[in-house]
Structure formats: structure tokens, C-alpha cells
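Down below is the structure, laid out as C-alpha cells.
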Amino acid sequence: MSEKIADWLILQKAISTDERELYAYAVHCLFSLLYPIVFASVIGAFLGMITEAIAMIMPFILIRKFSGGYHADSFKKCLVLSSIVIIVTLLIGKYIKNIFIVNIMYIAATILLMVFSPIDSVNKRLDYNDKKFCKKVTIFIVAVIFGVVGVLWIIGYRYYTVFIESGIILAELLQLVAICHNMIFNENDYKLSM
């Protein structure tokens with residue numbers, strides 16, 4: 001779709017053919033950002049939890065871009081797995097009674113994200129400079145979200161903090177899946193970035 005949009009821009013004489021790859025990539029990045037928000041919002045609307053879905057997906061998107069971890073090897077696989085994970089996470093968040101357990105998992109996920117990020121994936125490789133940059137950005141984003149969650153917790157929005165925390169926990173779980181995948185399949189070219 002990104003390439004078709006770039007081709008359309010060329011036909012409209014909005015860009016030159018030399019700029020095709022750049023604009024196709026820019027459109028791809030835009031879709032990559034908007035897709036999870038729209039997708040989670042649709043699932044959230046279906047479950048009557050649109051605010052909760054957005055509260056969960058926004059920190060996940062912010063962290064996931066820089067923390068790395070497991071990436072599905074096809075769009076269909078990503079779509080199916082994402083649907084299941086979003087639905088299960090929203091329902092768990094809605095019905096969880098012991099917020100203390102979520103808080104402990106969130107704190108652990110925050111620490112692990114700072115330590116392990118970024119995780120290089122078989123389906124998404126990073127070079128040395130990318131890893132260095134991504135680690136700094138991940139630490140910054142995690143620290144800011146930690147502060148926001150703390151303020152929301154103090155002023156009484158504890159219900160919504162569960163969903164924000166869930167987004168962070170999901171980002172860390174994808175790192176752990178990638179680590180386990182590496183250990184099981186003994187992929188020597190797949191390394192942790194510490």
C-alpha cells in the first residue's frame with residue numbers, strides 16, 4: 001500500500017520518481033504508527049473499552065519502537081497474535097482484582113526494559129549505532145512513563161494505570177519471547193544488547 005501511495009504521488013506530480021522510496025518508507029512508517037492505535041481502538045470499542053485500549057497501546061507503541069523483541073515474520077501472524085494479545089490484556093485489566101500484582105510486574109518490566117533494550121530480532125536487525133540510540137531512548141521513555149504512572153496513581157486514576165502498565169509489561173514480554181526463541185533455537189546471530 002505504501003508503494004501504491006508513492007506511485008500515486010508520482011502520478012499526481014507531487015513527488016519525483018527519485019523520491020519514491022523515501023515517500024514509500026515515510027507512508028509505511030505512518031501506517032506502522034497509526035495501525036496499532038486504530039486496531040486497538042476498534043477492539044476496545046468492540047469490548048466497550050476504547051479508553052482502556054488507547055491507554056494500553058500508546059505506551060506500548062512508544063516503547064516497542066525502541067525496545068525491540070519478538071517480531072512476527074508475516075503480517076497475518078502479527079494481526080492474529082496482536083488481536084489475541086490485545087483482547088486478553090484488556091479483559092485481564094478489566095477484571096483484575098489485585099492491582100498489587102500488576103504493579104510488581106510493571107516495576108519488573110520497567111527494570112528489564114532498561115537492562116535488555118534493545119533486543120535485536122531475526123526479523124528486525126539493528127546495527128551498533130541503532131542499538132546505542134535505542135537503549136537511550138527506551139530508558140528515557142520508560143522513565144517518563146514511570147513518572148506519569150506515579151502521578152496518575154497518586155491522584156487516583158488507578159484503574160487506568162493498570163492499562164498503561166499493561167502496555168509496558170507487553171513490551172517486555174515480547175523481549176522475553178525473543179530471548180527464549182534465541183535460547184531454544186540457539187541462533188548465534190541473534191544477540192542481546194546489554
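The values are calculated or read from the model by the stated rules, or taken from the named source; none is laboratory data. Given the structure is predicted, the values throughout are model-derived calculations rather than measurements. FYI the Cβ positions are ideal-geometry reconstructions off the backbone, even for glycines, and counts take in every protein chain you see.
Below is a table of values for the structure above.
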read-out: Qualifying residue in the range 55-73 (condition: at pLDDT below 80 and aliphatic (A, V, I, L, M)); value: yes
read-out: In the range 1-25, residue farthest from Ile84 (Cα to Cα) [restricted to those that are in a helix (DSSP H, G or I) and among the basic types (Lys, Arg)]; value: Arg20
read-out: Residue match in the range 26-33 (condition: farther than 28 Å from Ile84 by Cβ, outside any helix (DSSP H, G or I) and not hydroxyl-bearing (Ser, Thr, Tyr)); value: no
read-out: Neighbours by Cβ (under 7 Å, 6+ apart or cross-chain): first from the range 23-35, free of Cβ contacts under 8 Å to residues at least 24 places away in the same chain; second surrounded by 15 or more Cβ atoms within 10 Å (Cβ to Cβ) and assigned to a helix (DSSP H, G or I); value: Tyr23/Ala6; Tyr23/Leu9; Ala24/Ser2; Ala24/Ala6
read-out: Pair list, Cβ < 7 Å and 6+ apart or interchain, from the range 90-113 residues that are at negative phi to residues that are outside any helix (DSSP H, G or I); value: Leu90/Met49; Lys94/Met49; Val102/Ile96
read-out: Matching entry among Ile54, Ile86, Ile63 (being more than 20 Å from Leu176 (Cα to Cα) and surrounded by 14 or more Cβ atoms within 10 Å (Cβ to Cβ)); value: Ile54
